[in-house]
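Let me begin by presenting the structure, written as structure tokens, before commenting on it.
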Amino acid sequence: MRLKIAHETRYSFSEPVRYGLQQMRKTPKSYRNQKVVSWETSVIGGKKELQYEDQHRNTVELISITPGETELLLRSEGEVELEETNGVIGPHESLTPLWLFDRQTPQTKPGPHVRELARSLHGREGLDQLHALMSAVAKAVKYTAGASASDWSAEKVMEAGKGVCSDQAHVFISAARLLGHPARYVSGYLMLDDRQSQEAMHGWAEAHVDALGWVGFDVSNDQSPDTRYVRVATGLDYAGAAPVTGTRTGGEEESLSVAIEVAQQMSQSQEQ
Amino acid sequence: MTKIFDEMWGREDALRAPYSQFGQWFEGEDPARLRAKQREAEEVFRLTGITFNVYGQAAAEERLIPFDIVPRIISGAEWKKLTRGIEQRVRAINAFLHDIYHRQEIVRAGRLPVEMIKNNEAYLPEMVGVTPPGGVYTHIVGIDLVRTGDDEFYVLEDNARTPSGVSYMLENRETMYKMFPELFSQTKVQPVSQYPRSLLRSLSACAPSCAEGTPTVAVLTPGSYNSAYFEHAFLADQMGVELVEGSDLRVVDGRVAMRTTQGYKPIDVIYRRIDDDFIDPLTFNPESALGVPGIMDVYRAGNIAIANAPGTGIADDKAIYSYMPEIVEFYTGEKAILQNVPTWRCNDPESLKYVLDNLDELVVKEVHGSGGYGMLIGPTASKKELAEFRKKLEAKPGNYIAQPTLSLSTVPIMTKAGLAPRHVDLRPFVLVSPEGVNITPGGLTRVALKKGSLVVNSSQGGGTKDTWVLED
């Protein structure tokens, strides 16, 4: 399946910005079952300062906001070809050693509730255990837009019993690590069946299983990713894979509008 | 118990060779004049201290570390032997850091348990795969040594993050020159005053490939409220480079640049005295107002050298310390020349049992602590302190290591009643660059001013001495 993605983020400031930076992880990479056919990022009201690959092989771009501007427009678009692998990503290939994915972070930090959840899955093993964990998290944490704050830990999310996709992913990652599975966060795009326009990127989890390598788990939809999912960046948690992390002086009030379109691109033979 | 080794008088009250000239001079001096000189030296320090503390008068008091006029003297031959061991250790530390942030061969080879790294906060995932310009991780290292006999030295700890105290080494010598010029014409002492020049040269040699012409070096300080601010200002001044704060810096054209009267000027090498966690709010602690947003991005794109590299703390962690003999051997193929103090890791149940059974004879330290805080010295601890520490150990054994109480050497200090022995340690300062390893002769001698005390940290009532390495 070929997906066409357009992602536009517009920051409007009530006053001119004196100085600002945006660290972006918004460029998908090609790997076994995902081929990036084309991808382009453009910036209006700012400038690309540099680019590098981080420890998870994510492409990181640093953008500066042009001093004096009151608007910054970031646009990425491209096409990605996907192949069905039932959520299996394959062997670990990044520079980061696999054992580092056992490390809990402030966002995945477990507490009594997460430990209890993990304990409830003892007796199961491997892939079966992880699928059961995905369903258990989906049951324990109801998807509720706007119910959480970005600095919530997995434990806090479990206590509240609600959250967004990144919160659900953090609980999954936290418990998977407790159960001895290396786990990571994935940020990316998901094509929805009922609409083209979206307001945010999606986030899910991946866990490492000896026989298969990395396997994806999307708690929010209680399924492993299929060809509607485009992986963009990975990290130990959301913060490590975040599409944008920013800082600025000046600008005062900020308003943000995001427009994401993910749609199936008809193959060329069909178009002709 | 054997007598404590005194570096001036040995164990048998016979003047040791390195002190022979000094001893003669001292005999011929009027004690009253020396005591007056001691007061004069303290006055010099107070004045210098205040000059350096114009921004924070209140803080000036605590920054005055007592100075003692009796030098700590090491023979040229003793020093030569030490430097071989120090150089070997520092090379091993750099090789270890490169490995642990790349292929982790030492873990794969089973020589270092992965548990030592995995959940260790000093190990920064953000440094994985990053090779710093010039391949150098620890540009400036302080190796803390203690002596227990004529030929017995131990490494107490390594300081691979931002070792401080070098300004005291320089000021102590300066003050001794002023007080006792005649001493230095009599005795040939290896100089230390070249340190700032060597530091600048060493840092410049680590400039990234984008540097044009003479590399631009700057010292990054958290600001005037930091307890070591005067050292930051002092070193910048001595090197003739800018002292900057995070707010003076920006990312301009993919480089970190400082504000000057002619606009923004790119920096090639930054000697930062800000902890890893605070250096960049975009990559690390987002609450940090001290750091430079984007500096880690510029660093990872290869456009600036940061000294020391972020993440070097994994090499001086106290739990890693116990593996230093293995680390030295793994990377140099040789046995470690400098000895480690035998260390019990309390996360091992058998070691924990031994430590709890022998608590009153051991020194127990927090794995991540520094500055002599959170430490138990068994032999001098009260029953209550021992009982409290026992509880802490049982609750979180992994947080602690234990070592035998070493009988640290003494060097005399000047007291109202004449010379009196006090325990000392030594922090030599080591510079690393692609050009090689440079060790300033001597270093900072810290002395426990309280009789019998083994804690030399300035925060715990320690003082300093000038350290002489003789030309012989």
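The values are calculated or read from the model by the stated rules, or taken from the named source; none is laboratory data. If you're wondering where the values come from, they're calculated on a predicted model, not measured in any experiment. Don't worry about glycine lacking a Cβ; one is built from the backbone with ideal geometry, like all the others, and counts go over all protein chains shown.
Annotations for the structure displayed:
- For segment B:261-299, filtering for residues that are facing another protein chain (nearest Cβ under 10 Å) and farther than 24 Å from A:Gln107 by Cα leaves 2.
- Matching residues, segment A:170-214, being touching a Gly at 6+ places or on another chain (Cβ under 9 Å), more than 21 Å from A:Val36 (Cβ to Cβ) and among the aliphatic types (A, V, I, L, M): A:Val171, A:Ala205, A:Ala207, A:Val209, A:Ala211, A:Leu212
- The set of residues in segment A:46-90 being more than 11 Å from every other protein chain (Cβ to nearest Cβ), touching a Phe, Trp or Tyr at 6+ places or on another chain (Cβ under 6 Å) and in a strand (DSSP E or B) consists of A:Leu72, A:Gly78, A:Ile89.
- Any chance B:Ser247 is under 21 Å from the mean Cα position of the chain (by Cα) and assigned by TED's automatic domain parsing to the domain that holds B:His139: no
- The residue that is surrounded by the most Cβ atoms within 10 Å (Cβ to Cβ), counting only those in segment A:104-157 that are at pLDDT 95 or above and polar (S, T, N, Q), is A:Thr108.
- Contacts under 6 angstrom Cβ, first residue in segment B:306-321 being over 18 Å from B:Asp144 (Cβ atoms), partner of a type in the set (Val, Ile, Thr) and at pLDDT 95 or above, 6 or more apart: B:Ile306/B:Ile270
- Restricted to helices (runs of 4 or more DSSP H) entirely inside segment B:125-221, those with at least 1 residues that are of a type in the set (Lys, Arg) and within 18 Å of the chain's Cα centre (by Cα) are B:166-179.
- On the stretch given as segment B:279-321, residues that are touching a Ser or Thr at 6+ places or on another chain (Cβ under 6 Å) and farther than 14 Å from A:Arg248 by Cα total 3.
- Of all residues in segment A:246-255 being within 24 Å of A:Glu49 (Cα to Cα) and more than 19 Å from the chain's Cα centre (by Cα), the one that is nearest to the other protein chains (Cβ to nearest Cβ): A:Thr247
Residue by residue, here is whether (1) within 19 Å of B:Val146 (Cα to Cα); (2) more than 27 Å from the chain's Cα centre (by Cα); (3) modelled with pLDDT of 90 or more holds:
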| residue | (1), (2), (3) |
| --- | --- |
| B:His368 | no, no, no |
| B:Gly374 | no, no, no |
| B:Lys384 | no, yes, yes |
| B:Ala387 | no, yes, yes |
| B:Lys391 | no, yes, yes |
| B:Pro397 | no, no, yes |
| B:Val411 | yes, no, yes |
| B:Lys416 | no, yes, no |
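- Selection within segment A:30-45: residues that are within 19 Å of the chain's Cα centre (by Cα) and not in a strand (DSSP E or B). The member of this set that is modelled with the lowest pLDDT is A:Arg32.
- Tabulated pairs, segment A:10-31, first within 14 Å of chain B (Cβ to nearest Cβ) and charged (D, E, K, R), second surrounded by 20 or more Cβ atoms within 10 Å (Cβ to Cβ) and not in a strand (DSSP E or B), C-beta under 8 angstrom, 6+ apart or interchain: A:Arg18/A:Gly251; A:Arg25/A:Asp54; A:Arg25/A:Asn58; A:Arg25/A:Ala241; A:Arg25/A:Ala242; A:Arg25/A:Pro243
For every residue, the table says whether it meets (1) surrounded by fewer than 22 Cβ atoms within 10 Å (Cβ to Cβ); (2) among the polar types (S, T, N, Q).
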residue	(1), (2)
B:Cys210	yes, no
B:Thr216	yes, yes
B:Leu220	no, no
B:Gly223	yes, no
B:Gly246	no, no
B:Leu249	no, no
B:Val256	no, no
